[in-house]
Amino acid sequence: MKIIPIILPTPFYIGPVNVYLIKDDPITLIDTGPKTKETVDVLRAGLRNAGISISDIRRIVLTHAHEDHCGLARALRDEAKEARVFVHGWETGHRAGRLEYEEHRQLLLRAGVPSDEVEAMRKLYNNFRQYADALDDEQCTELLDGAELEFESGVLQIIHTPGHTPGSCSFVRHADRTVIAGDCVLKRITPNPILSADPIDPSRRFKSLAEYLVSLARVRSLAPTLVLGGHGEPVRDFEELFTRYLRSMRERQAQILRLLPDNGGTAWEVSRALFPDTDDVHRFLAVSESVAHLDYLNMENKLALEISDEREIYRKAD
Ligand SMILES: [Zn+2]
Ligand SMILES: [Zn+2]
């Protein structure tokens, strides 16, 4: 069961995305890249080098439904007439074109984001939508935690690894403990748990950082020898990366506790203090990261959370 990485260009700040061709029966593509002409061309060339064409693909499996990973799923499925798309059921809120905007808006307002900033984020999001075609539920088969994707010469086990998004999944080949991890594990950057509605109760916020830490521990328990992420180089020393992630999270939390004024503050205020120079998309990522850490500090009883004027104010616990 051969896993062939193909590196595709994206128009996003993060840079190129890694997708993985499993050259075995049935021919499977894990992630697709965004919907741009350049990406399709590079993908076609990459597949051709492996002796495959798009029409040979039978399964399109998505680690998660961000545009850089899922954008071409529908177009590829349409071209490879017999292909099926697989994605985790909790990925609905993120599935391209289906973001429940009103729920998201409420999450941002509650986090203290001013309404003109929310509007700017909405415009930005609408601009992103061009990079992905929407997928309907009927067009997708659900990835189930613990189930297996079978191939002629082996299996990949599906591991639900929420955090970056609620429905993020990783895939493990136990024979040599290789893990395909999407944006759950990235070599050079700490993955950002993105602000999301809870997939079970959309009026609540998904506890992204707490979930993410469990997912990381789960990947660690697989004792991986090789982790293939969604961006950047493969990770061979997962322990080192795990320790580094935890250290940077602890540092960020200590920084937030230092920054938070005695009379408390919103996630938006914390994000502006943490990243004063950010613009457009990075303001959203900054507020995402701040909410994730503040929620986690609240869960650990280091911060109290009160609602004032429909905004959430975090205060240092006595
Ligand atoms: Zn992502
Ligand atoms: Zn990504």
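I'd like the full set of residues that are away from ligand 1 (no atom under 16 Å from the Cβ) and either in contact with a Phe, Trp or Tyr (Cβ under 9 Å, 6 or more places away or on another chain) or over 24 Å from ILE14 (Cβ atoms) (or both), limited to region 55-76. Full working, then the answer.
The initial filter retains those residues of region 55-76 that are away from ligand 1 (no atom under 16 Å from the Cβ), namely 55-60, 74-76.
Of everything in region 55-76, those that are away from ligand 1 (no atom under 16 Å from the Cβ) and either in contact with a Phe, Trp or Tyr (Cβ under 9 Å, 6 or more places away or on another chain) or over 24 Å from ILE14 (Cβ atoms) (or both) turn out to be SER55, ASP56, ILE57, ARG58, ARG59, ILE60.
Here's the yes/no breakdown for (1) part of a helix (DSSP H, G or I); (2) within 16 Å of ligand 1 (Cβ to nearest atom); (3) under 30 Å from GLN106 (Cβ atoms):
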{"site": "ARG220", "(1), (2), (3)": "yes, no, no"}
{"site": "GLY232", "(1), (2), (3)": "no, yes, no"}
{"site": "LEU241", "(1), (2), (3)": "yes, no, no"}
{"site": "ARG244", "(1), (2), (3)": "yes, no, no"}
{"site": "ARG247", "(1), (2), (3)": "yes, no, no"}
{"site": "GLU251", "(1), (2), (3)": "yes, no, no"}
{"site": "LEU257", "(1), (2), (3)": "yes, no, yes"}
{"site": "ASP262", "(1), (2), (3)": "no, no, yes"}
{"site": "ARG272", "(1), (2), (3)": "yes, no, yes"}
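What is the number of the single condition among (1) at pLDDT below 95; (2) aromatic (Phe, Trp, Tyr); (3) touching a strand residue (DSSP E or B) at 6+ places or on another chain (Cβ under 9 Å) that PHE284 does not meet?
Result: PHE284 fails condition (3) only.
If you go through region 184-196 one residue at a time, do you hit one that is at pLDDT 95 or above and touching a Ser or Thr at 6+ places or on another chain (Cβ under 7 Å)?
The answer is yes; a qualifying residue exists.
Restricting to region 274-318, give me the number of residues that are part of a helix (DSSP H, G or I) and open to solvent by 80 Å² or more (accessible area, probe 1.4 Å). Don't jump to the end; show me each part of the working.
Here is the first cut: in region 274-318, the ones part of a helix (DSSP H, G or I) are 274, 280-299.
The next check asks that each one be open to solvent by 80 Å² or more (accessible area, probe 1.4 Å); those that pass are 280, 299.
Qualifying residue count, region 274-318: 2.
Which one of the conditions (1) touching a residue at least 40 places away in the same chain (Cβ under 8 Å); (2) open to solvent by less than 60 Å² (accessible area, probe 1.4 Å) does GLU152 fail to meet, given that it meets all the rest?
The single condition GLU152 does not satisfy is (2).
When you scan region 25-142 for helices (runs of 4 or more DSSP H) that lie fully inside it, which ones turn up with 1 or more residues that are among the polar types (S, T, N, Q) and surrounded by fewer than 19 Cβ atoms within 10 Å (Cβ to Cβ)? Write out each step before concluding.
Numbers: elements: 37-49, 67-70, 73-79, 101-110, 115-128.
Those helices (runs of 4 or more DSSP H) span 37-49, 101-110, 115-128.
Could you please find all residues in region 254-269 being surrounded by 11 or more Cβ atoms within 10 Å (Cβ to Cβ), among the polar types (S, T, N, Q) and over 14 Å from LYS302 (Cβ atoms)?
THR266
Could you tell me whether region 163-170 includes any residue that is open to solvent by 40 Å² or more (accessible area, probe 1.4 Å) and within 20 Å of ILE4 (Cβ to Cβ)?
Let us first name the residues in region 163-170 that are open to solvent by 40 Å² or more (accessible area, probe 1.4 Å), namely none.
No, the conditions are met nowhere in region 163-170.
The values are calculated or read from the model by the stated rules, or taken from the named source; none is laboratory data. Predicted model only: the values in this text are computed from it and were never measured. We place every Cβ from the backbone using ideal geometry, glycine too, and count neighbours over all the protein chains shown. Only protein heavy atoms, including side chains, enter the accessible area calculation; ligands, DNA and RNA are left aside. Shrake-Rupley method; radii C 1.70, N 1.55, O 1.52, S 1.80 Å.
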